[in-house]
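One structure is given below, encoded as structure tokens.
The values are calculated or read from the model by the stated rules, or taken from the named source; none is laboratory data. The model shown is predicted, which means the values in this text are computed figures rather than measured ones. A quick note on method: Cβ atoms are made from the backbone with ideal geometry, for glycine too, and the neighbour counts reach across all protein chains shown. With ligands, DNA and RNA removed, areas are computed over all heavy atoms of the protein, side chains included. Shrake-Rupley method; radii C 1.70, N 1.55, O 1.52, S 1.80 Å.
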Amino acid sequence: MCVKQIFNKRLFKKLSFPGLRPLMVSALDRLLPPRCLLCGLSCGPVCICNACYRDLPWTGTHCQQCGLPLGSAIDRVCGQCIQTPPPFTHTLCARRYEFPADRLVQAFKFNRQLTAGRILSQLMCDHVIGLEIPHPDALIPVPLHNFRMIKRGYNQAYELASHMGRVLDIPVLANHLRRNRNTRAQSGLSRKQRRKNVQGAFYWRGRARPGHHVALIDDVMTTGTTVTECATVLKKAGAR
């Protein structure tokens with residue numbers, strides 16, 4: 001984590017002299033300048049340098065509904081979504097899961113580098129702001145099972161949603177969509193195996209309704225089976 005973020009979050013939180021905070025952070029950043037998580041060179045407080053930021057792969061032409069690549073920019077929805085529409089209506093992908101963006105995801109998800117998650121969530125925020133689209137009523141992170149949560153120590157989807165909620169001023173509903181069994185990791189499974197793996201794995205808890213327009217937040221979307229299962233539960237709970 002960058003020095004500036006550490007001091008903003010922890011050490012200066014209870015200081016009675018708020019005027020000292022920016023001075024101390026500035027001095028520490030000069031002594032210990034933030035380093036880019038990808039190349040190690042000095043960078044700004046976001047902890048990614050301009051060169052690495054430019055190298056992050058864009059999604060390119062993709063289906064507006066499921067997010068999968070399209071061969072033609074003329075098409076907006078793929079044939080699969082036209083033939084069998086998923087329960088969600090739109091997919092926003094900030095970057096493709098390729099080098100070097102995949103290194104950020106892996107550092108965040110498996111190596112407890114929460115600063116990588118902050119970079120990813122800011123990329124998502126910038127993407128949404130750039131599109132100038134209506135914001136949803138709520139952000140809902142894809143939940144982890146309790147066993148996985150204890151093992152990892154945090155839910156990466158919630159960390160993304162939490163930062164996005166603060167930046168975009170959207171409430172985050174983190175306690176209603178639940179996972180009722182500890183499913184296998186989706187990576188390495190076929191589409192059919194992924195679908196069977198998460199089938200019936202989620203449920204909506206409580207009387208609160210999710211809201212008419214909600215956005216599911218996750219770190220990686222591959223075949224969309226997890227999102228499909230979650231969206232089906234949200235639709236049954238009242239989301240449109």
Open item on the list: Could you work out the pair-distance distribution P(r) of the range 129-170 from its alpha-carbon pairs, with 5 angstrom bin width and percents rounded to whole numbers?
Closed with: 5, 21, 23, 20, 13, 9, 6, 2
Task: Neighbourhood net charge (12 Å Cβ-Cβ; Lys/Arg +1, Asp/Glu -1) for L173 - done: +2
Task: Surface per residue (accessible, 1.4 Å probe) for the range 85-240, Å² - done: 55
- [ ] Search the structure for amide H atoms under 5 Å from the amide H of I217, placed 1.01 Å from N in the peptide plane, and list their residues when 5 or more places away or on another chain.
- [x] I140, V142
Open item on the list: Beyond 18 Å, how much of the Cα-Cα pair distribution for the range 124-240 remains, as a whole percent?
Closed with: 52
Open item on the list: Assuming 0.36 nm per residue, please report the length gained on full extension of the stretch H145 to Q199 beyond their Cα-Cα distance.
Closed with: 18.0 nm
- [ ] Can you tell me which of 222-235, 41-54 comes out highest on packing, and rank the rest after it, using the mean Cβ neighbours within 10 Å?
- [x] 222-235, 41-54
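Between beta-carbons, use under 15 Å as the cut-off and find the net charge around I133, counting Lys and Arg +1, Asp and Glu -1. Intermediate results must be reported in sequence, preceding the final value.
On the way: positive: R76; negative: D126, E132, D137, D169.
Neighbour charge sum, excluding I133 itself: -3.
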- [ ] Heavy atoms only, probe 1.4 angstrom, no DNA, RNA or ligands counted: give me H62, H213 ranked by accessible area, highest first.
- [x] H213, H62
Task: Rg/Rh (Cα only; Kirkwood hydrodynamic radius) as it applies to the range 58-210 - done: 0.95
- [ ] Give me the net charge of L104's neighbourhood, meaning all other residues with Cβ under 15 Å from the Cβ of L104; Lys, Arg count +1, Asp, Glu -1.
- [x] +1
